[in-house]
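Colleague: Supplied in structure tokens, the structure appears directly below.
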Amino acid sequence: MSSHLPVSIVVPCFRCAKTIKRAVASIAGQSMRPQEVILVDDGNDDDTPLVLQRLLAAYPAGWISVVTIAVNHGAATARNAGWAAAKGRYVAFLDADDTWHPEKLALQYNYMRARPALMLTGHGFIRADGDRVPWLPFTTEGVQGRTVKPWKVLLKNPFITPSIMVRADAPLRFPTGQRHMEDHFFLMQLALRGVSMSGIDRPLAAIHKHQYGQAGLSSNMNAMHRAELENLRKLQQAGDISQWTRYALGFYVKLKFIRRKFLVVLRKHTKTCR
């Protein structure tokens, strides 16, 4: 195993006793391990704290730490708490039910190190089938990236949170207490403030659930839709976008919501017909 990268990994943990071991194993299985892993116990009321303590004992002393929040406040607050405790120059985020490709950290860190002006990067992902991850073969050479323009971030969240690596000195944090679409709001604020971000052309994360209509917060599609509209309201209130832009984007958000609803119904119908 190569020397540790100056990267802190933050994993919000809430009722994840069945999946957190798999997530941490994907971090430990990196070709270059991060400096530290911070597991945030976000007010758990199940066996998750016990599993986190077992993970502490299962890996080298000091590599994993646990930050405890007494009352559950959601992933945004948990990520901020882990970020506040981070010692690395960069911070990367993984959800407790997802995993990473073994080359994720080395590839993403080297890309950012070669471009010191970059504040944040993200990358592609694949969908896993249970515990099986169908990684596609790819080379780690000749990695390309694309600059993410602010207008693209306003139209669509360009990165899932488990793909994000950000410099620890970024000027903003996730919106504390927000439980839906908090990652998109975080990225929109950064983009509108001129923060440089780039997308890497490799699928380096595996998502072990459907994006919409399944377990987790993403299953509450109505709440997600309301949160998207509220994000626009807050951006206008802060003077980041005009009222006209807010209304135009709001119409676009409604169209996306209708599409998501349709895809969920279609997926359920397809399963029924099998």
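The values are calculated or read from the model by the stated rules, or taken from the named source; none is laboratory data. Since the structure is predicted, the reported quantities are computational estimates derived from the model, not experimental observations. Please note: Cβ atoms are built from the backbone with ideal geometry, for glycine as well, and neighbour counts cover all protein chains shown.
Colleague: Let me confirm something: among Gly82, Gly74, which residue is in contact with a strand residue (DSSP E or B) (Cβ under 6 Å, 6 or more places away or on another chain) and crowded, with 19+ Cβ neighbours inside 10 Å?
Modeller: Going through Gly82, Gly74 in turn, the sole match is Gly82.
Results for (1) out of contact with any Leu (no Cβ under 8 Å at 6 or more places or on another chain); (2) modelled with pLDDT of 90 or more, shown as yes or no for each residue.
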| position | (1), (2) |
| --- | --- |
| Arg113 | yes, yes |
| Gly130 | yes, no |
| Val143 | no, no |
| Thr147 | yes, yes |
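Colleague: So Leu107 ticks every box in (1) farther than 27 Å from Leu172 by Cα; (2) in contact with a His (Cβ under 9 Å, 6 or more places away or on another chain) but one. Which box is left unticked?
Modeller: Failing condition for Leu107: (1).
Colleague: OK, next. Of the residues that make up the stretch 194-212, is at least one surrounded by fewer than 16 Cβ atoms within 10 Å (Cβ to Cβ), over 16 Å from the mean Cα position of the chain (by Cα) and modelled with pLDDT of 95 or more?
Modeller: yes
Colleague: Of all strands (runs of 3 or more DSSP E) completely enclosed by the stretch 69-150, which ones contain at least 2 residues that are touching a residue at least 60 places away in the same chain (Cβ under 8 Å)?
Modeller: Working: elements: 90-93, 120-127, 145-147.
Result: 90-93, 120-127.
Colleague: In the stretch 80-103, which residues are among the charged types (D, E, K, R) and within 14 Å of Val24 (Cβ to Cβ)?
Modeller: Asp95, Asp97, Asp98
Colleague: Here's another thing I want to ask about it. Within the stretch 222-274, take every residue that is in a helix (DSSP H, G or I), among the hydrophobic types (A, V, I, L, M, F, W, C) and more than 17 Å from Leu155 (Cβ to Cβ) and give me the one that is modelled with the highest pLDDT. Spell out how you get there, then give the answer.
Modeller: Going residue by residue through the stretch 222-274, those that are in a helix (DSSP H, G or I) are 222-237, 243-273.
Imposing the further condition that a residue be among the hydrophobic types (A, V, I, L, M, F, W, C) reduces the set to 223-224, 227, 229, 232, 235, 244, 248-249, 251, 253, 255, 257-258, 262-266, 273.
Those still in the list that are more than 17 Å from Leu155 (Cβ to Cβ) too: 223, 262-266, 273.
On the way: Ala223: 91, Phe262: 83, Leu263: 80, Val264: 76, Val265: 78, Leu266: 77, Cys273: 67.
Selected residue: Ala223.
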